Amino acid sequence: MNLTKITRKKFRIRNKVKKVSKKDRFRLSVNRTSKNISAQIIDDTKNITLVSASSNTKEVKSQKKNKKELSALVAEQLAKKAKDMKITKVYFDRGIYKYHGRIKLLAEELRKNGMEF
């Protein structure tokens, strides 16, 4: 089975995060496209998504912001939903993306809103 370079990178990063994960923390996975960004908090022991936020929702799309402002807005929504579920500690899974630009802005905004990783 021949895997592409991107899939190998994705598996490598995800497996590193899963190896160090404990039961008191969940995984925060980030996905971005050229126009949108989404993030979700996943419980790997039960294989379920606990909380998710995306720039593809009607509330966010109606605000007509640039991509950097969208990532900050998604981070605020995710942090608010996580606080409601009493989730504060997570592992940051950046996927195949560099910790740079919109991914970095999302992470910094999550930290401002009380998330620890």
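Residue count for segment 53-71 under the criterion of being surrounded by fewer than 20 Cβ atoms within 10 Å (Cβ to Cβ) and either touching a strand residue (DSSP E or B) at 6+ places or on another chain (Cβ under 9 Å) or hydrophobic (A, V, I, L, M, F, W, C) (or both): the result is 4.
Entry remark, segment 66-86: residues being out of contact with any Leu (no Cβ under 7 Å at 6 or more places or on another chain) and either in a loop (DSSP other than H, G, I, E, B) or among the small types (Gly, Ala, Ser) (or both) number 3 in total. Exposed (fewer than 13 other Cβ atoms within 10 Å of the Cβ), out of contact with any strand residue (DSSP E or B) (no Cβ under 8 Å at 6 or more places or on another chain) and closer than 19 Å to Met85 by Cα, is that true of Asn47? Taking the combined requirement at face value, the residue satisfies it. Considering Ser29, Ser55, which residue is touching a helix residue (DSSP H, G or I) at 6+ places or on another chain (Cβ under 7 Å) and of a type in the set (Gly, Ala, Ser)? So the residue among Ser29, Ser55 that is touching a helix residue (DSSP H, G or I) at 6+ places or on another chain (Cβ under 7 Å) and of a type in the set (Gly, Ala, Ser) is Ser55.
Residues that are among the small types (Gly, Ala, Ser) and touching a Gly at 6+ places or on another chain (Cβ under 7 Å) within segment 9-47 comprise just one, Ser29. When Gln40 is tested against (1) closer than 15 Å to Leu106 by Cα; (2) of a type in the set (S, T, N, Q); (3) more than 14 Å from the chain's Cα centre (by Cα), exactly one condition is not met: (3). Scanning segment 12-39 for residues that are modelled with pLDDT of 85 or more and more than 14 Å from Phe117 (Cα to Cα) gives Arg12, Asn31, Arg32, Thr33, Ser34, Lys35, Asn36, Ile37, Ser38, Ala39.
Inside segment 74-102, residues that are touching a Gly at 6+ places or on another chain (Cβ under 8 Å) and not basic (Lys, Arg) make up a count of 2.
Residue by residue, here is whether (1) among the acidic types (Asp, Glu); (2) free of Cβ contacts under 8 Å to residues at least 12 places away in the same chain; (3) not in a loop (DSSP other than H, G, I, E, B) holds:
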residue: Lys10; (1), (2), (3): no, no, yes
residue: Lys23; (1), (2), (3): no, no, no
residue: Ser29; (1), (2), (3): no, no, yes
residue: Gln40; (1), (2), (3): no, no, yes
residue: Lys46; (1), (2), (3): no, yes, no
residue: Glu59; (1), (2), (3): yes, yes, yes
residue: Gln63; (1), (2), (3): no, yes, no
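When you scan segment 65-95, how many residues do you find that are touching a residue at least 60 places away in the same chain (Cβ under 8 Å) and over 12 Å from the mean Cα position of the chain (by Cα)? Matching residues across segment 65-95 total 2.
When you look at Gly114, is it over 18 Å from Ser21 (Cα atoms), surrounded by fewer than 13 Cβ atoms within 10 Å (Cβ to Cβ) and not β-branched (Val, Ile, Thr), yes or no?
For Gly114, the condition - over 18 Å from Ser21 (Cα atoms), surrounded by fewer than 13 Cβ atoms within 10 Å (Cβ to Cβ) and not β-branched (Val, Ile, Thr) - is met.
The values are calculated or read from the model by the stated rules, or taken from the named source; none is laboratory data. None of the values given here were measured: they were computed from a predicted structure. A quick note on method: Cβ atoms are made from the backbone with ideal geometry, for glycine too, and the neighbour counts reach across all protein chains shown.
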